[in-house]
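Written out below as structure tokens is the structure these notes cover.
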Amino acid sequence: MSISPNVPSPQDSYRYENTGTPRWIAVLFGVLFVALVAMGFFGYTTQSRVSQELAKAEDQNKALAVQLGQANSSLADLKGHVEVTEQRMHLTQSELAQARSRAESIRKEQLAAAQKLNSQLSEVQKNSEEKIGLVATDLGGAKKDIETTRNDLEATKGKLDRAQGDMGVMSGLIARNHDDLEDLKRRGDRNYYEFTVPRTKTPQRVGPVQVTLNKVDTKKSKYTMTVFVDDRSIEKRDKTAGEPVQFYVKGGRGSAPYEMVVFDVGKSQITGYLSTPKDAGATGSPAPAATPAASTPKPQ
């Protein structure tokens, strides 16, 4: 019986199958290697992105957990494919060991990345809790300070009193010393300017006005001074320490007057403060620094 030249013999078929098997193995391993490299690159990219976005700690942790689960599932699938391929394609033991080692290496890298991220997230959470604790402590301290100041103001209110000024106008709260004046400043009801005016012929600026001390009587704690304001002079004669000395500025008759209170009458100076209404500010129109003798004081 003759054999057609176009029909392969059994020996040729056997040779063809044997030569085709290594090519499929090489293709399969190429695909596996690319998949493993892609998975490794994907895990590295995920780790870098998570490290740069620690501010979104909780969401990233969840995302990483999902990705890790997907990777483990992919590894399980890969392991199954390797086992099936081993059965079907008769892979050598060394090649299977290499593929399994690569898969295990990728799994360990992803596990290490997840543990590192969890450690970083714990550190960030710890720092955040410490900062929140500090802020809460600061807020508690500030609240305590505000409450203390409020209590001090209430306690000081009992020490401060009111008096009728030399113009017959009931004054606000009167300070008797520097500490009382500081309490008044904290209340913020008026503008306050503390002063020490020496006995001299040159007017001394006190806030928006100018003052000249004319004479003092330390035994009776009395003094006489001249106030220069709005291009006019006002003499305040024989006033007593602690007495509200009042005067108006131009256009101020419908509002509270300016008020001066002297704490102490010394041998050559007086110490006290000037208070003005809030709407008066600190930019009044004080008289020019002329000598008191050049004008005719108006006694009050």
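The values are calculated or read from the model by the stated rules, or taken from the named source; none is laboratory data. Fair warning: this is a prediction, and the values are worked out from it, not measured in the lab. In this analysis, Cβ positions are derived from the backbone assuming ideal geometry, glycine residues included, and neighbour counts consider all displayed protein chains. Areas reflect the complete protein model, heavy atoms only, side chains present, ligands, DNA and RNA absent. Shrake-Rupley method; radii C 1.70, N 1.55, O 1.52, S 1.80 Å.
Observations on the model:
- Residue within the stretch 243-263 that is among the basic types (K, R) and assigned to a strand (DSSP E or B) present: no
- Of the criteria (1) modelled with pLDDT of 85 or more; (2) out of contact with any Phe, Trp or Tyr (no Cβ under 9 Å at 6 or more places or on another chain); (3) outside any helix (DSSP H, G or I), which one E194 fails: (2)
- Residue-level analysis places R162 among those that are at pLDDT below 85, closer than 18 Å to Y258 by Cα and open to solvent by 80 Å² or more (accessible area, probe 1.4 Å).
- Residue in the stretch 4-24 that is at pLDDT 70 or above, outside any loop (DSSP other than H, G, I, E, B) and surrounded by 13 or more Cβ atoms within 10 Å (Cβ to Cβ) present: no
- In the stretch 39-54, the condition of being under 27 Å from S119 (Cβ atoms), surrounded by 12 or more Cβ atoms within 10 Å (Cβ to Cβ), touching a Ser or Thr at 6+ places or on another chain (Cβ under 9 Å) and at pLDDT 75 or above is met by at least one residue.
- Test: residue in the stretch 228-240 that is of a type outside the set (S, T, Y) and within 17 Å of P277 (Cβ to Cβ): yes
- Filter result (among the small types (G, A, S) and in contact with a Gly (Cβ under 8 Å, 6 or more places away or on another chain)) within the stretch 242-269: A256
- Tally, over the stretch 194-247, of residues that are more than 23 Å from D180 (Cβ to Cβ), of a type in the set (S, T, Y) and in contact (Cβ under 8 Å) with a residue 60 or more places away in the chain: 4
- Residues of the stretch 260-290 that turn out to be within 41 Å of the chain's Cα centre (by Cα) and either modelled with pLDDT of 80 or more or closer than 21 Å to R176 by Cβ (or both), as a count: 7
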